[in-house]
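What follows is one structure encoded as structure tokens, with my remarks underneath.
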Amino acid sequence: MRRVLTLAGIAVLIGLLAMWWSGSFDRLAYWVAGQQRAFQNAIASALRAARAEQPGAVFALLSACFAYGLAHAAGPGHGKVLIGGYGMARGVPLLWLSLIALASSLGQAVTAVALVYTGVTLLNLGREAMVGVTEDIMAPVSYAAIALIGGWLVWRGLGHLRPVSAHDQEVAACASCGYAHGPTIAEVEKAGTLREALLLIAGIAVRPCTGALFVLIITWQMRIGALGVAGAFAMALGTAAVTIAVGLGAGTLRGGVLAGFAKSPRAAMLAAMVEILAGGIVVMLAVGLLFRAL
């Protein structure tokens, strides 16, 4: 069963790459944009009802914001590439990976709140100006940061390959000298540090959700700003649900790929190759998103 799941995961990965190169992601993005507009209309209606203090309006608004986050997360960005690549590349516990994904999404909401309230109170910026800052400056910065982190994963993998190769050449010597000539699979799969997690979160959180900007600005104008902040975080939770699912899927796929080689002397080499592959995919997709944003 595990082998079947692993093969299925590899097939999904190949399919995603094929969709990327064929332009299917662009068509998906257009469809997602249409869904987002529909959710924005629902959010606008819920905001008007909330301002009129209609019963159930707040719940309707938060539900619409959460649903918007789910739909918006299906489009490009929002850290899915980075979280999925990191989960595939590193032997990170799934709970820790889920917490990173959650913190990244919540970080986007924090960035949106900071940008909007700095813009409207200090700089007197309108919605178009703030969306422009997000799309023209913060989005490219986020994609560039993600590409750099992907390159770092590739570099780590290459660093693990060199001592692993030496280890394979000196297996006979190890039995007599008692020294380890390369990292073990457990060492290669060592959980990510707090610094790694903070870099991942920062790379994703620097780009706020445009839907959150929309809600925050409208509610500020309607003088119900607290409700807008709640809506922004409801969107972040919707985004987090998708991002966490991607990370868990990637981490599970990695575990399935490496499980059959757990006792192999080349297990550490395979883990390093998986890290290189995942980092390369992160770089490729992040650079593609960066070129689209420029």
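The values are calculated or read from the model by the stated rules, or taken from the named source; none is laboratory data. The structure presented is a predicted model; accordingly, all values stated were derived computationally and were not measured. Virtual Cβ from ideal backbone geometry, glycine too; neighbours counted across all protein chains shown.
Is one or more of the residues making up the range 214-224 aliphatic (A, V, I, L, M) and closer than 14 Å to Lys80 by Cα? Within the range 214-224, not a single residue is aliphatic (A, V, I, L, M) and closer than 14 Å to Lys80 by Cα.
Scan the range 81-110 for residues that are surrounded by fewer than 23 Cβ atoms within 10 Å (Cβ to Cβ) and assigned to a helix (DSSP H, G or I) and the total you get is 10.
Can we say Leu253 is buried (at least 22 other Cβ atoms within 10 Å of the Cβ), of a type outside the set (Val, Ile, Thr) and part of a helix (DSSP H, G or I)? Taking the combined requirement at face value, the residue satisfies it. Does the range 127-142 include one or more residues that are farther than 26 Å from Leu289 by Cα, surrounded by 15 or more Cβ atoms within 10 Å (Cβ to Cβ) and modelled with pLDDT under 75? There is no residue in the range 127-142 that is farther than 26 Å from Leu289 by Cα, surrounded by 15 or more Cβ atoms within 10 Å (Cβ to Cβ) and modelled with pLDDT under 75.
When each of Pro93, Pro140 is tested for being out of contact with any Leu (no Cβ under 8 Å at 6 or more places or on another chain) and of a type outside the set (D, E, K, R), the lone residue that passes is Pro93. Cβ-Cβ distances below 6 Å connect no pair with a first residue in the range 32-54 that is within 14 Å of Ala71 (Cα to Cα) and modelled with pLDDT of 80 or more, a second residue that is of a type in the set (Val, Ile, Thr) and surrounded by 17 or more Cβ atoms within 10 Å (Cβ to Cβ), and a separation of six or more residues or different chains.
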